[in-house]
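In what follows, a structure is listed as structure tokens, so that the remarks can point back to it.
Since every read-out is calculated from the coordinates, none of them should be taken as a lab result. Predicted, not measured: the structure shown is a model, and the values here were computed from it. Because the Cβ atoms are built from the backbone with ideal geometry, glycine has one as well, and the counts that use them run over all protein chains shown.
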Amino acid sequence: MCPSNGTPAAPPASWWATSSPAGFGFPAHSAAFELNLTALFATLTGKPVQAKPISTFPPVKQDLAFTVDETVTAGQLENVIRKAAGANLESIELFDVFTGEQVGEGKKSLAYAVVFRSPSKTLSAEDSDAIRKAIVAEAAEIGAQLRA
């Protein structure tokens, strides 16, 4: 247990707490944390970490919602989207799972926020449309249909 507020203890590499700062001269709603760097570094493999280069080209953000059978997992559809979008997919995030009469019995809707960005050029409307079409075509192979 955290001694300052009685919450369950965090993993041994860190702890955090919020408390009433009365008497310490801190502003209201202050928080504190401590990192045990020895424990944290013990988890590292020692291999160098290569940072991804930051693209200077603008992102293209889209929301894609698909209707799929209940047996299709969000992870399966995400993998299909990743494969179809290729290197221009910067990020993907599932933001909604919906079941109900609107999508039909035995179906669900999975909605993803996706960001496309090229490391070498500004993506045109035609580029992003081609990526979207590739995603829709690949998703159709697992029975997914893009919702309007």
Residues whose modelled amide H sits under 5 Å from the amide H of A65, counting only those 5 or more places away in sequence or on another chain, are Y112, R147
Given the candidates A32, G46, I92, the one whose Cα lies deepest towards the positive end of the charge dipole of region 15-136, counting +1 at each Lys or Arg C-beta and -1 at each Asp or Glu C-beta, is G46
Karplus ³J(HN,Hα) for region 125-132 (6.51 cos²θ - 1.76 cosθ + 1.60, θ = phi - 60°; Hz, whole; x = Gly/Pro) runs 4, 5, 4, 5, 5, 5, 5, 4
With DSSP loop assignment and no more than 15 other C-beta atoms within 10 Å, the trypsin sites (Lys or Arg not before Pro) in region 52-148 are K121, R147
Filtered hits (lysines, Cα-Cα < 24 Å from K133, offset >= 8 within chain) -> K61, K83, K107, K108, K121
